[in-house]
Amino acid sequence: MGLSEENLIGLTLALVSSGFIGASFIIKKQGLKRAAAISGVRAGVGGYYYLLEPLWWVGMITMIVGEVANFVAYAFAPAVLVTPLGALSIIVSATLAQLVLKEKLHPLGFLGCVMCIAGSVIIVVHAPKEQPIKSVLEIWDMATQPAFLAYVGSIVVLVFILVFHFAPSCGHTNVLVYTAICSLTGSLTVMSVKALGTSLKLTFEGENQLLYPETWFFMLVVAICVIMQMNYLNKALDTFNTAVVSPIYYAMFTTLTILASVIMFKDWDGQSGVTIVSEICGFIVVLSGTILLHTTKEFERISSFRGSAPSSPSLSVRLYNGNDDFVLQHDEENEAPSESMCSRRQELY
């Protein structure tokens, strides 16, 4: 199935986004290493000298460019196509870590990269073609259809229960609580981002959509959902092992986003059963590759901790902690083994 011009633009932007976001991890890490070498205090233990390091800001700007490209991609292509491709940023960061930072990628990690690429190709080939949208009012009609209102209502109720009942009692012991809040909220974030992005796209094309209150409503929903999503994602990353949080969050977030897009924008209408099954299979392959990559990272971290002492840092060095700062774990492990062991045990609970 050939890609439409709109899908091709969205695909290109999604790939550019993954490239910039994946590269930003490596650039930020280099900046943090420089800052730690100068100040003697790592970001992971409360140091903020990295804010004065130009290289770290280059990494931040690179990440912002990637996020903007991802935002615009939703205005051109369906979420079923754009969202799963976010996994490609992991491949970019893993590849650059091996080339630039000389970090070793386990053979199974390489297999995970291949699976992500293969699954992405399957998704791209079978991506649905969106119907052209001429006004934000059309999107509003989609957002207020009974099926999607039922979905939104279910999300709001589930998030309310998780935030006020489960989070206080078992949020720090069950990884599914925080990640579920992030994922449920994230699916609404993407739908609102797509609606807002399409409105801005039409505005730039000469059809001013800022005159409609619906555009501002979508903007408000984006702001609220993003703040809530980032808050609980940081809590999850700060409380649990990143290798556990990341694949669970990716699986839940992407699944719910695809479901929301299928309900609201009817992405699968007009597609054959074979095409839909192919898209689902592509997503499962990407998901499996992502899990394999993170599992390999955790396996290498444990092996290194038990005394393998590789000559160069393994890929298990964390890309970020709960505050989106990089943690140079190998240095910490070498300096304070007993303290590191305690922290590792806490991560696994």
(Q) Spelling out what I want: for every residue of region 268-284, take phi, set θ = phi - 60°, compute 6.51 cos²θ - 1.76 cosθ + 1.60 (Karplus), and round to whole Hz; glycine and proline get x. (A) 8, 5, x, 8, 6, x, 5, 5, 5, 4, 4, 4, 5, 4, x, 5, 5
Q) With the Cα gyration tensor of region 1-130 giving a ≥ b ≥ c as the square roots of its eigenvalues, does the rule (a/c under 1.5 for rounded; else a/b larger than b/c for prolate; else oblate) give rounded, prolate or oblate? A) oblate
Q: Express in Å², to the nearest 10, the accessible area of Trp140 obtained by rolling a 1.4 Å probe over the protein heavy atoms while all chains stay in place.
A: 80 Å²
Q.
Please report Rg (one decimal) and Dmax (integer) in Å for the Cα set of region 123-243.
A. 17.0, 52
Q) Residues with beta-carbon under 12 Å from that of Ala143, excluding Ala143: net charge, scoring Lys, Arg +1 and Asp, Glu -1? A) -2
**Q.** Projected label distance in nm at Met230 and Leu108, using a 7 Å step from Cα toward the beta-carbon
**A.** 3.5 nm
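The values are calculated or read from the model by the stated rules, or taken from the named source; none is laboratory data. Here the structure is a predicted model, which means the values were calculated and not measured. Positions of Cβ are backbone-derived with ideal geometry, glycine not excepted, and every protein chain shown enters the neighbour counts. Accessible surface is based on the protein model in full, side chains and every heavy atom, while ligands, DNA and RNA are left aside. Shrake-Rupley method; radii C 1.70, N 1.55, O 1.52, S 1.80 Å.
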